[in-house]
1. Using modelled amide H (1.01 Å from N, peptide plane; none on Pro or chain starts), what sits under 5 Å from the amide H of GLY676, excluding residues fewer than 5 places away?
2. What are the ³J(HN,Hα) couplings of region 591-601, residue after residue, when phi is run through the Karplus curve with 6.51, -1.76, 1.60 and θ = phi - 60°? Round to Hz, x for glycine and proline.
3. Want the number for VAL188 to ASN725: 0.36 nm per residue separation, take away the alpha-carbon distance, what's left?
4. Pairs LYS351/LYS489; LYS18/LYS302; LYS131/LYS277; LYS14/LYS302; LYS302/LYS609: which exceed 30 Å Cα-Cα?
5. Among the lysines, which fall within straight-line cross-link reach of LYS426, defined as a Cα-Cα distance under 22 Å, with same-chain neighbours fewer than 8 residues apart omitted?
6. Pick out, in residue order, every one of the chymotrypsin sites (Phe, Trp or Tyr not before Pro) in region 554-624 that is DSSP loop and has at most 16 other C-beta atoms within 10 Å; say none if there are none.
7. Return the distance in nm (one decimal) between the two label points of a simple spin-label model at ILE177 and GLU345, each offset 7 Å from Cα along Cα→Cβ.
8. Taking the Cα centre of the chain as the origin and placing charges on Cβ (Lys, Arg +1; Asp, Glu -1), which of LEU109, GLY576, ALA472 is farthest toward the positive end of the dipole?
Amino acid sequence: MIDNPLQMNDWGIKFFLKVVLVVQLVMLGLTGLSTLGFEIPVLHQIVGFIYLSFIPGLIILRILRLHQLGSIRTLLYSVGLSLAFDMFLGFLINLLYPHIGIPRPISTLPLIITCAVVLGLLCFVAYIRDKGFSTPPHFNVHELLSPPVLFFILLPLLAIVGTQLVNSYANNALLLILIALIAVIGLVIMLTKFIHVRFYPLAVFSIALALLWHSSLISQYLTGWDIFTEYYYYSQVAQPGLWNSTLPHNYNAALSITVLPATFSQLLNMGGEQVFKIIYPVWYALVPVALYAIYSKYLSTKQAFSATFFFMSIYVFYLIMPSLARQMVGQLFCALLIMLITDREATSSMKTLFIVFGASLVVSHYALSYIYIGFLVLSLIMLHLLREKRFHITTYSVALFSVICLAWYMYVSSAAPLAAVVHLGKHIYENLSLEFLNPFSRDVSLHLLATSTSALHLANRILYYLMLLFMAAGALRVVSGLRQRESPKTYLALAIGNYILLAACVIIPFFGEQLGTQRMFHLSAIVLAPFAILGAEATFNASCRVARSTTRLAFQPRARMVISPILALFFLFNSGFAYEVAHDPWVDSLPLSLTAIEDRESHVYFENKVNLRSICPTEQEALGARWLAEHMNRTRDVYATPLYYEVPALRAYGLIPKEQTIPILDPPLSTDVKDGYVYLGYVNVVFGYGVTSYTFLPKSARKASIWDISRIYPLLDNRVKAYTNGATEIYCSP
């Protein structure tokens, strides 16, 4: 009997195909109505999301005859296969259709017709291959409407309402309540049996999605860092309806931010901003679910949930990752590959999944692909040394993945992704002897050597050091178990690769700059999170033994009674909750502190206001960028003051190439503004300051330089203020 409707791959083939046919007909009808101008909002987007995110994968699972996978693996594999299907189908029609007279293959009509035809053919193949399997479907409606399910569904809804309160009324009270509620839920699950184990995956998904949405839905515009460049390359596909694979940029080589969002935008009739802000976090929220499933193979359910909660507590997960769309998709495929590696089934169907997910990782994120190759090589060596039988990690699989990776990045985007890693390797090699003793040549050193700005930030740093200590203790505990043959050797081989990755960030100059130390730590936590829990328990038990031997203490509390509050406290600090409640002037959370940015009397230090405002463009900045894009002479450059590498509004909403945006530095460092346009944004006009990014300063100066904007006024002589809206100004030559 099937208790979960997610396990559609276990239904009788005829009933399964009828459901697929109904979804396909509804999708065709909604798309047709939308094309005629009769859009049915919400319904069209929900059906389209199901159609593109689940249906292709479920059909492919039937073709592969993969059954009895359980709800979690069925859900994850179907989503992974569906996203792979969407990306590679878009790639193929982009390659073929222009040759048969269809100049806009990535547009609504070619996409919907192609999807319908190809899925129809796949349904026929699925019927031929899997018609012998039949299990009557059964839906447990009472469990779907049970109080725990309804309660966990409430968490993402609170995130939606809370962000709208911030956006419309500058009120963050509901988001603070949401963060506190998540901490309490974590404690309840880790310390009690109040919530049944079967609801743990749902709890993980709901917490993850609520955290991601509480960050991504802030502002009606994009927020963050890389997301603006990602949106730029998405627009280079969505507007012409064609992916130009020759554009020389690393991001353009990622189908995850070019073809994939353009496909969803066209078929769901959604803007690209909504696709990145709403849909991508839903996919990424499945990563902790996959990790919980992986951890549960080696730990108790309480320990697995604790490790997953620790992973989600790292602020990179919900404050940085929502602005890294390609990495969200890449990490999903990484998690799926780890699921397969830790699965001892070595059937031909599982090997097919391994190849598909590996190829999907390659076309999703170049840096993760290179790192994953390193993990595979190190794991293969370790498994050989440990004399462990290898299932998916073989010389053949490593070689195949490497060939796919090198071939893709050699022939797309003018080999820019391959050139980037070669350039990094050359840079490290040439400077290894010169910079080895220079602490500022390592991104990790800048974090470790930085002084804490307040007592609260010092406490947060201590908690991070404690977690690193627990990770080390956990590794020692697992390694010591090798003699008793208790340690899982396959997982340990993966862990060693991650420990080597972290060590490389500390030892090798410039190595950690590619992804950044924070993101490296978060990436390694995918595998190392269980070691933090095991290490915490080992440290606690050892401390109790010492206490009993010295004080004859009779009572010993359970380890999780101490560890769980530490994890909850770690989460409250990382989320920014502790800083916002204490009115700390050095805030880090844009969602919780956005209300204080525009308040001149708020407790937030001016430097933090500038940092947060610069990664969150205002409506006036977006309107100014669009006006400039419409009226500018494209042969002229645009001068502006970027906080980081570029000006977000100009990049995403003006679609102005990075090469055409010239930074205005602090006037002593700046050159004359030549014949072009000068774009002044919110920080310049309202705050009255300019910013020189630390990327233009010496390596030891990691703080941006903030200076009075009036110092550039002499550079504006003989220029006309062509546009102003109160928060954005544009100057040009008469």
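Only the coordinates and a few stated rules stand behind these numbers; no lab work does. All of these numbers come straight from a predicted model, not from anything done at the bench. We place every Cβ from the backbone using ideal geometry, glycine too, and count neighbours over all the protein chains shown.
1. SER733
2. x, 7, 10, 4, 5, 8, 5, 8, 8, 5, 9
3. Result for the pair: 188.3 nm of gain on full extension.
4. Distance filter (> 30 Å) returns LYS18/LYS302; LYS131/LYS277; LYS14/LYS302; LYS302/LYS609.
5. Those lysines meeting the cut-off are LYS699.
6. PHE555, TRP586, TYR605
7. 4.4
8. ALA472
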